[in-house]
Amino acid sequence: MLPFQLERQLFFQREMQPDGPRGSGAIVVVFFCLLILLLPSCGTGRLPPCVTDNMATGEKVVRLKHLERASVPEVYVLSGRENTPLRMVLVCETQGYNGLIRLCATLDLQEQKIVAVNILEHQESANYGAYAAENWFRRRFAGKSVAKDLQVVKMA
């Protein structure tokens with residue numbers, strides 16, 4: 001046999017063996033491809049933009065379902081590299097005058113203060129409740145202590 005024919009014969013023998021190097025490798029590759037395709041649908045879900053916008057590089061996020069209820073349907077804690085809780089992100093819902101208002105509140109767990117309040121969606125009229133979505137209104141909450149209740153002040 002010529003060296004080329006011998007090499008070709010050995011190549012096909014390796015390919016046809018189910019436990020050969022190529023056979024098991026192909027099974028592993030197919031397995032990982034299926035795993036990558038199926039993982040997003042396993043219930044882990046995607047994080048809402050209000051959570052990812054608050055994340056810094058290297059931070060981890062954990063959803064705390066045991067703290068969730070009807071008015072606070074999503075609660076997340078963002079932790080640093082040493083697993084130290086840094087911020088809490090709460091997605092809250094309340095009834096407005098014209099419908100549901102969804103907002104995102106970010107709390108600094110180290111300083112015990114409100115970092116930001118963002119309105120995610122609302123149906124309020126431009127001259128009544130839509131002011132809550134404007135920067136001048138939302139900035140009022142930044143830096144407030146989470147230990148004190150906020151006072152309602154009606155504007156005339």
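Here Tyr128 clears all of (1) in a loop (DSSP other than H, G, I, E, B); (2) open to solvent by less than 60 Å² (accessible area, probe 1.4 Å) except the condition numbered (2).
Remark: Arg14 falls outside the filter, which requires a residue to be among the charged types (D, E, K, R) and at pLDDT 85 or above. Among the residues of segment 53-94, which ones are surrounded by fewer than 17 Cβ atoms within 10 Å (Cβ to Cβ), at negative phi and in contact with a Lys or Arg (Cβ under 6 Å, 6 or more places away or on another chain)? Ser79, Glu93, listed by residue number.
Among the residues of segment 109-134, those identified as modelled with pLDDT of 90 or more and either hydrophobic (A, V, I, L, M, F, W, C) or more than 24 Å from the chain's Cα centre (by Cα) (or both) are Leu109, Ile114, Val115, Ala116, Val117, Ile119, Leu120. Being open to solvent by 80 Å² or more (accessible area, probe 1.4 Å), within 23 Å of Glu68 (Cα to Cα) and of a type in the set (A, V, I, L, M, F, W, C) holds for only one residue in Ala105, Ala116, Ala147, and it is Ala147.
The values are calculated or read from the model by the stated rules, or taken from the named source; none is laboratory data. What you are looking at is a predicted structure, and each value in this text was computed from that prediction instead of being measured. Ideal geometry is used to build each Cβ from the backbone, glycine not excepted, and the neighbour counts take in all protein chains shown. With ligands, DNA and RNA removed, areas are computed over all heavy atoms of the protein, side chains included. Shrake-Rupley method; radii C 1.70, N 1.55, O 1.52, S 1.80 Å.
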